[in-house]
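These notes concern the structure reproduced below.
Every number here is computed from the coordinates shown, using simple stated rules; none is lab data. Just so you know, these numbers come straight off a predicted model, no measurement behind them. Note that we place each Cβ from the backbone using ideal geometry, even for glycine, and neighbour counts take in every protein chain shown.
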Amino acid sequence: MCVCFKALSSSNDAVLKVVCYYDTTRNGVHCCSPPLRYLDSDTIVIYENWAWEFEQNNRWAYCPQGFFLHGLQTTSSDSGITYLQNIKYARCIKPSNHPESYGDCYFQNLNFNKQGVYNCRYDYYVTGLHKGNCDSLGCLDKLHCCKMEVDQRILNNVDTLKTKIMESTLPKLVRLAAAIGYGHAAGKKGIYIGDDFKREGDSWVADSRLFWREEECNDLKCKEILAVEYLEWSLTVKEIKYGEKYIDYLEPEEVHSAVFHNEKNTSSIKTFQYSNVVSETVTHSPTSRWRNNEKLSVSLEFGTNLFSKVQMPFKTGFKYSELIITGNNEAERTTLHDTLEHNIPPNTSAQYKVLLRKIRTTIPYTAVIIANFSVRYRGFLGRGNGFDSEKTNFHINYRESTDRPSVPYTFGNKSEAFYTALSRQIASKEEPWMWEEILKKDPSLGEHIKKLTDENKYKFTLNGKLEHVAGAKFDSMLTLIKLNSFLGLEENQTETQYLNDILIAKEGPKDKPVDRKIREYVLKYPKVDLDDANSLKLEPILKDLDYSS
């Protein structure tokens, strides 16, 4: 996963060797490997055109963001000596689960005045090279070194979700395509199957470009070079897990007032009464950062029986929303009553106020969402060459064909996801693919298919909370004041919301969310483990030039 530069002699005409590391030791050099969380990851390999940068002086050449330098392709000069201007493209690589960013980075100076090995510090990897003011290899004077990103890619919108899925599945999908018989399973610059694919929208396409001569593939089948297309995307809620409820009381709200004037010279007993139906409200608030997409959105459905005697669905997108529950009949409705009897002194006014005490129930949740999509291979099959041939395709209709037919094929559709369709077809040995023969020829492919068909690979979680507010009871209070007092009493206009004369119990402007109201309280969202504990890395297979061209 990393490179260093070994000076085999000490001069401006030094011969430099690019040393690529895996888990071995070469020429006495200790080799490096990626951090543990990336160790078993498949890799994405692309090739960057560095010809123009290295034809200029005092220039930097970089791998794309998130990628690391893994090798260089050069041409030879007339003298047979390789100069910096002979560097044509860089082989850039990244773990398929690595985001398009880096951890800490720094610039490393190089000095090839003596023999030795020059590389980045421990846990840093080369992402760029700087050419000084000459073409000799000794003018390679700086490295750009970066750590791999510690934090996982943040899934906060549809685009990042698609990128995660497309990058994590590309290596194994291309290996599967090659195994069943598709040709051009690598770009023209690639070394191994799966190398040198470029992304075009929701597709990966094997790259036919040869940068240094600006050449295109000249094979008759170049226009049908292998493409892996991801189609018919949708998002489905697999399950919703609820955390512990938290119950608290909100600020009382004045919902009614009345004034009685006792203008007599004797006391008067007055009975105040008030009753009303009080509706409930349920609000949904997302707490994960997720940007909605009109074409591909998350739809949630909750049952109000989580906290109410009224059972009705609460359907919402992943956004703030509110549902008012009034009930369809008397049994489902909540009616609250208040009665206050008081002896009003003579020449006294009495103001009667009714306060609604509200109770709130907060429930955090974790929704497990799965991405559904189909996968279409677009390309041509290699020559069948008969059932006994070592090089053949495994399509039942073309196994004996000497042509290279164009055969698009799709796993899945709108009603059946790719991973479900692939698993079903293999289990039932469904044609047109000859699954027994495919797995017999490449036994290790079965384990990689298991990873492709593991639903956890396509799941992610979103957190949110539901807040239910209901009326608990009416509290009343009475204020008395002499009729000749400077202060008079009036019936107040309340800010209480009504629906068809029904009170709506909801949060007020002074009511804070429970996790802001009580410092020591933290909403506990249910944990869901979606990690792939049994990761399996593809072993590199050289592309077959005769077969894929």
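General remarks:
- Pairwise centroid distance, computed over Cα atoms, of the stretch 292-329 with the stretch 182-197, Å: 48 Å
- Per residue, the convex hull spanned by the alpha carbons of the stretch 138-197 comes to 150 Å³.
- Taking the convex hull of Cα positions in the stretch 249-328, its mean projected area over all directions (nm²): 9.6 nm²
- Positive-end extreme of charge dipole, the stretch 261-373 - chosen from Leu356, Pro286, Pro345 (charges on Cβ): Pro286
- Estimated vicinal HN-Hα couplings, Hz - the stretch 266-272 in sequence order (Karplus 6.51, -1.76, 1.60; Gly, Pro = x): 10, 5, 9, 7, 10, 10, 9
- For the stretch 405-487, applying the loop criterion from DSSP together with a ceiling of 13 other beta carbons within 10 Å to the trypsin sites (Lys or Arg not before Pro) yields Lys414, Lys429.
- Once the gyration tensor of the Cα atoms in the stretch 411-483 is diagonalised, the equivalent ellipsoid follows with semi-axes of 65, 13, 8 Å, ordered largest first.
- FRET efficiency, 1/(1 + (r/R0)^6) with R0 41 Å, evaluated for Asp403 and Ser101 via beta carbons: 0.35
- Of the chymotrypsin sites (Phe, Trp or Tyr not before Pro) found in the stretch 226-267, no site is in coil according to DSSP while having at most 10 other Cβ atoms within 10 Å of its Cβ.
- Measuring max minus min along each principal axis, the C-alpha atoms of the stretch 363-452 give extents of 64, 26, 18 Å (largest first).
- Taking the Cα centre of the stretch 228-366 as origin and assigning +1 to Lys and Arg Cβ atoms and -1 to Asp and Glu Cβ atoms, the resulting dipole is close to 160 debye.
- If you model the stretch 33-164 as an ellipsoid using its alpha carbon gyration tensor, with each semi-axis the square root of five times an eigenvalue, the axes come out at 30, 16, 13 Å, biggest first.
- Phi-based couplings in Hz for the stretch 231-248 (Karplus 6.51, -1.76, 1.60; Gly and Pro marked x): 10, 6, 6, 7, 10, 10, 7, 7, 6, 10, 9, 9, x, 5, 6, 10, 10, 9
- Here the stretch 185-335 is treated as a sphere whose radius is the Kirkwood value from Cα pairs; by Stokes-Einstein at 20 °C and 1.002 mPa s it diffuses with a coefficient of 93 µm²/s.
- Packing-based ranking, highest mean first, of 360-372, 127-139 given that Cβ atoms within 10 Å are counted: 360-372, 127-139
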